[in-house]
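What follows is a single structure, written as structure tokens, with notes after it.
The values are calculated or read from the model by the stated rules, or taken from the named source; none is laboratory data. The model shown is predicted, which means the values in this text are computed figures rather than measured ones. Because the Cβ atoms are built from the backbone with ideal geometry, glycine has one as well, and the counts that use them run over all protein chains shown.
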Amino acid sequence: MYDKYQSPLSERYASKEMQYIFSPEKKFRTWRKLWIALAETEKELGLPITDEQIAELKAHQDDINFEVAKEREKLVRHDVMSHVYAYGLQCPQAKGIIHLGATSCYVGDNTDIILMTEALKLVRKKLINVIAELAAFAKKYKDLPTLAFTHFQPAQPTTVGKRATLWLMDLTLDLEDLDHVIGSMKLLGSKGTTGTQASFLELFDGDHGKCRMADRMIAEKMGFSECFPVSGQTYSRKIDSRVLGVLAGIAQSAHKFSNDVRLLQHLKEVEEPFEKNQIGSSAMAYKRNPMRSERIASLADYVMADMMNPMLVASTQWFERTLDDSANKRLSVPEGFLAVDGILDLYLNVVDGLVVYPKVIEKHLMAELPFMATENIMMDAVKAGGDRQELHERIRELSMEAGKNVKAEGKDNNLLELIAADSSFGLTLDELKKTMDPKKYVGRAPEQVEEFLKEVIDPILEANGDLLGVKAEISV
């Protein structure tokens, strides 16, 4: 196993559950389910197919003779016909009716839709659990003031919980997009070589109604409400583009979260989980690198770049179909899902073990708060009889002096002491320090957290309670 390339997505990042969805076993079992659905439908619509033939197909639905199919493909260079041949060897009575009237895309494209839909639902399940963990974090820290940043420069304070709702908001947008795409997934159905259903029209002796009914019946048997009303030989490759677009959207949100965590870890305000025996650096034993968040960012980069693949494929298909999509789809779609699966497991793992350091947060906030409190200080001085315009100019000058002390001299922020020493303000140092309660400057942040959780997040979690409880396992 060590003498050939293996995808890191399988070896290091994606869950076994997601890997199975795109495994050969799952794929070829789905092919056989589709062949059974086709045979049952054709029998129910009047073709001379027997119960014994269908029973034989069902008896060998799962015991796939992979090696036979593999050897056959070396000879005929066609994966679908190789599996038709292998299935026929196991089902001699049904051999003649396997794949009757169908083209390769009947099993290939319908299976792709089925697997992508199942994978989207797994992504959705994990996304819901990430939302639940973030919601609990936001609720826990809704009142904890922290220094907010614009342009990564100190700005008005917010709360740790309010910042978490920004990450949550992105994920709720992703969930909306995800639900839309899942709800719009349709099977290709039995459309034939160029999408005209000509072979099925021949089989059903010119009965157009039976051709339409066949699509509906196959869709129902495979757990879908409908098929695409029109197609070429394949479903529109824009479907793959839509699917990867949703995955790339989740990657964007996760990347933004991971960036924030990495910056906060640099500030020592928040830290991702770090295990007892984990090594941060091969050279610097003291280091605690944000490895998980960096991996989220790295995988997210891959997914966002991967989105270009189905866009290129969809835009360059010729007429009813060309085969320059096949090799690309085999790579870009499954690996996009495997990468997002890894991203969500990491996201869940990080949030579940996120460590907050309130004392460091307070220290950073208090170092900047005097600058942010100047408007309140000036108003108090005006109430005590001062002139607003004069006070505004004076406080500007003192702020610049205090800023110089901090940046050029490396001293603590002494703005309050400078103001207290200026008689024009008429305020003592004790009076000024009373204005230094961070909670006075967070605006409606705590209330916004409560309202957002109650009005937006709680209904999502209540509607998806059966999906909760996932615990992420990461390999390395």
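Quick one: would you say residue 350 is at pLDDT 95 or above and in contact with an Asp or Glu (Cβ under 6 Å, 6 or more places away or on another chain)? It is true that residue 350 is at pLDDT 95 or above and in contact with an Asp or Glu (Cβ under 6 Å, 6 or more places away or on another chain). Might you check whether a residue that is among the small types (Gly, Ala, Ser) and on the phi > 0 side of the Ramachandran plot occurs anywhere in region 394-415? Yes; the residues of region 394-415 include at least one that is among the small types (Gly, Ala, Ser) and on the phi > 0 side of the Ramachandran plot.
When residue 445 is tested against (1) surrounded by 14 or more Cβ atoms within 10 Å (Cβ to Cβ); (2) modelled with pLDDT under 90, just one condition goes unmet, and that condition is (2). Restricting the search to region 85-107, which residues are without any contact (Cβ under 8 Å) to a residue 40 or more places away in the chain and either buried (at least 18 other Cβ atoms within 10 Å of the Cβ) or outside any loop (DSSP other than H, G, I, E, B) (or both)? Of everything in region 85-107, those that are without any contact (Cβ under 8 Å) to a residue 40 or more places away in the chain and either buried (at least 18 other Cβ atoms within 10 Å of the Cβ) or outside any loop (DSSP other than H, G, I, E, B) (or both) turn out to be 85, 86, 88, 89, 90, 91, 95, 96, 104.
This table checks each residue for (1) modelled with pLDDT under 95; (2) of a type in the set (Ser, Thr, Tyr).
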| position | (1), (2) |
| --- | --- |
| 239 | no, no |
| 255 | no, no |
| 258 | no, yes |
| 263 | no, no |
| 268 | no, no |
| 276 | yes, no |
| 308 | no, no |
| 314 | no, no |
| 331 | no, no |
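Can you find a residue that is touching a strand residue (DSSP E or B) at 6+ places or on another chain (Cβ under 8 Å), assigned to a helix (DSSP H, G or I) and closer than 29 Å to residue 270 by Cα anywhere in region 351-361? Yes, that holds for at least one residue.
Contact map, region 16-36: residues that are closer than 22 Å to residue 332 by Cα paired with residues that are surrounded by fewer than 21 Cβ atoms within 10 Å (Cβ to Cβ) and of a type in the set (Lys, Arg), Cβ distance under 8 Å, separation 6+ or inter-chain. Pairs shown: 20/26. Scoring residue 59 on the criteria (1) surrounded by 16 or more Cβ atoms within 10 Å (Cβ to Cβ); (2) out of contact with any helix residue (DSSP H, G or I) (no Cβ under 8 Å at 6 or more places or on another chain); (3) farther than 23 Å from residue 190 by Cβ leaves a single failure, condition (1). Please find, among 409, 362, the residue that is surrounded by fewer than 13 Cβ atoms within 10 Å (Cβ to Cβ) and acidic (Asp, Glu). Only one candidate passes the filter, namely 409. Residue check: residue 184 meets all listed conditions (1) more than 30 Å from residue 449 (Cα to Cα); (2) touching a helix residue (DSSP H, G or I) at 6+ places or on another chain (Cβ under 7 Å) but one, namely (2).
Could you say which residue among 42, 71 is buried (at least 16 other Cβ atoms within 10 Å of the Cβ) and not β-branched (Val, Ile, Thr)? Lay out the reasoning, then the answer.
Working: 71 fails: buried (at least 16 other Cβ atoms within 10 Å of the Cβ).
The unique qualifying residue is 42.
If you go through region 153-193 and keep only what is surrounded by 21 or more Cβ atoms within 10 Å (Cβ to Cβ) and assigned to a strand (DSSP E or B), you end up with 158, 159, 187. Screening region 403-476 for helices (runs of 4 or more DSSP H) wholly inside it with 2 or more residues that are over 43 Å from the mean Cα position of the chain (by Cα) returns the ranges 415-420, 429-433. Within region 118-136, the set of residues being buried (at least 21 other Cβ atoms within 10 Å of the Cβ) and more than 15 Å from the chain's Cα centre (by Cα) comprises 135 only.
Output the residues belonging to region 218-256 that are hydrophobic (A, V, I, L, M, F, W, C) and either in contact with a His (Cβ under 7 Å, 6 or more places away or on another chain) or within 13 Å of residue 191 (Cα to Cα) (or both). Can you show your working first?
Of all residues in region 218-256, those hydrophobic (A, V, I, L, M, F, W, C) come to 218-219, 222, 224, 227-228, 230, 239, 243-244, 246-248, 250-251, 254.
Passing the criteria: 218, 219, 227, 228, 230.
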